[in-house]
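Student: The structure's right below; bear with me while I get my questions together.
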Amino acid sequence: MGFRSFIEALEKINDGAEFKVCVFEENANNHRLKRGLAHAHAINEIQRYEYEMPILCAANCLQPNGHNDNGWDQGLLFLSQSKVWGQPSYYVTQMIAGNYQPLCVESYVSSYFNSLDVTACKSRDGKALSLRVVNLDCWDMETEIDLMRYTPSQSHAEVIQIRGDLDDANTPENPLKIAPVKRRIALEEKNERIRYVFPAYSFTIINFN
């Protein structure tokens, strides 16, 4: 990502100087699922980076339906004269904010063509662990998740997920076509390895407690 070289350049100007870098406009030229997955991928990568970036905002917040259909209709929330509905990037933002954990932990992933983007975070007391996984490819990815030395206290994990085709978007007629689906998966007792299939073109959060 370009922010890495930008931060490195600032550090070279005055080594030891205090500064903060924020992303106020993450532009994507569309409001479809592919934009939502790109938004999730960007947040994942920024949280894994050792530099603490306090703000990342996706442009724009509000978008009148049917206007600026030339690449600038990338709003998180669309509106008409009678209703308001979210786009995939809105739900990605909602999913991450609603399942936030403050401490990023080291994770390793191996997949064909680097299809999976993974960030793992834990609570300050270490009791809760959250995995954020973006599947950027057109096929389902069967995985084995190794929690290593972390042992959940609950017998299930909470899964929140959005999925679909890259060009899917929400419309006034179908405002929830791309929206989070929640479910539970059972965990085998004292088993640190979990088999899970991440659907094609999806963003998934798995919460362990």
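Student: Assuming R0 = 22 Å, can you tell me the calculated FRET efficiency for the pair Asn174 and Ser82, based on Cβ-Cβ distance, to the nearest 0.05? Let's see the in-between values first.
Tutor: Working: r = 15 Å, r/R0 = 0.70.
For R0 = 22 Å, the calculated efficiency reads 0.90.
Student: Test of understanding: ordering Tyr51, Tyr91, Tyr112 by Cβ neighbours within 10 Å, fewest first, what list do you get? All intermediate terms of the calculation are to be shown ahead of the outcome.
Tutor: Values: Tyr51 12, Tyr91 23, Tyr112 9.
Ranking Tyr51, Tyr91, Tyr112 by Cβ neighbours within 10 Å, fewest first, gives Tyr112, Tyr51, Tyr91.
Student: Let me ask something else. What distance in nm separates the two pseudo spin-label positions at Val109 and Glu189, each 7 Å out from Cα along the beta-carbon direction?
Tutor: Between Val109 and Glu189, the simple spin-label model gives 3.2 nm.
Student: May I ask you to sort Glu11, Glu26, Glu52 by Cβ crowding, counting other Cβ atoms within 10 Å and putting the fewest first? Present the calculation step by step, with values, prior to reporting the outcome.
Tutor: Working: Glu11 13, Glu26 17, Glu52 10.
Ranking Glu11, Glu26, Glu52 by Cβ neighbours within 10 Å, fewest first, gives Glu52, Glu11, Glu26.
Student: Keeping to pairs on different chains or 8 or more places apart, tell me how many lysine pairs in the chain have Cα atoms under 19 Å apart.
Tutor: Working: Lys12/Lys20; Lys34/Lys177; Lys83/Lys177; Lys127/Lys190.
The result is 4.
Student: Next question, about the same structure. Let's test the formula: R0 of 30 Å, r as the Cβ-Cβ distance of Asp125 and Val197. What FRET efficiency results, to the nearest 0.05?
Tutor: Values: r = 31 Å, r/R0 = 1.02.
Result of the calculation: an efficiency of 0.45.
Student: Once R0 is set to 22 Å, what does the formula 1/(1 + (r/R0)^6) return for the Cβ-Cβ distance between Lys20 and Leu166, expressed as a FRET efficiency to the nearest 0.05?
Tutor: Numbers: r = 34 Å, r/R0 = 1.52.
E between Lys20 and Leu166, to the nearest 0.05, is 0.05.
Student: Follow-up question, since we're still on this one. Where does each of Ser123, Ser155, Ser82 land when they are ranked from fewest to most other beta-carbon atoms within 10 angstrom?
Tutor: The order, fewest Cβ neighbours first, is Ser82, Ser155, Ser123.
Student: Among Glu18, Glu50, Glu173, determine the one that fluctuates most according to a GNM of the chain built with springs between C-alpha atoms less than 10 Å apart.
Tutor: Judging by the Gaussian network model, the answer is Glu18.
Student: Given contacts defined as C-alpha pairs under 8 Å and at least six residues apart, what's the relative contact order of segment 99-163, whole-number percent? It would help to have the intermediate numbers written out before the result.
Tutor: On the way: 64 pairs, mean separation 15.7, N = 65.
24 percent.
Student: Express the C-alpha Rg of segment 75-201 as a ratio against the empirical globular expectation 2.2 N^0.38 Å, rounded to two decimals. Before the final figure, lay out the partial values.
Tutor: On the way: Rg = 16.5 Å, N = 127, 2.2 N^0.38 = 13.9 Å.
That ratio works out to 1.19.
Readers should treat all values here as calculations from the given coordinates under stated rules, not as data from a laboratory. Bear in mind the structure is a predicted one, so any value in this text is a computation, not a measurement. Ideal geometry is used to build each Cβ from the backbone, glycine not excepted, and the neighbour counts take in all protein chains shown.
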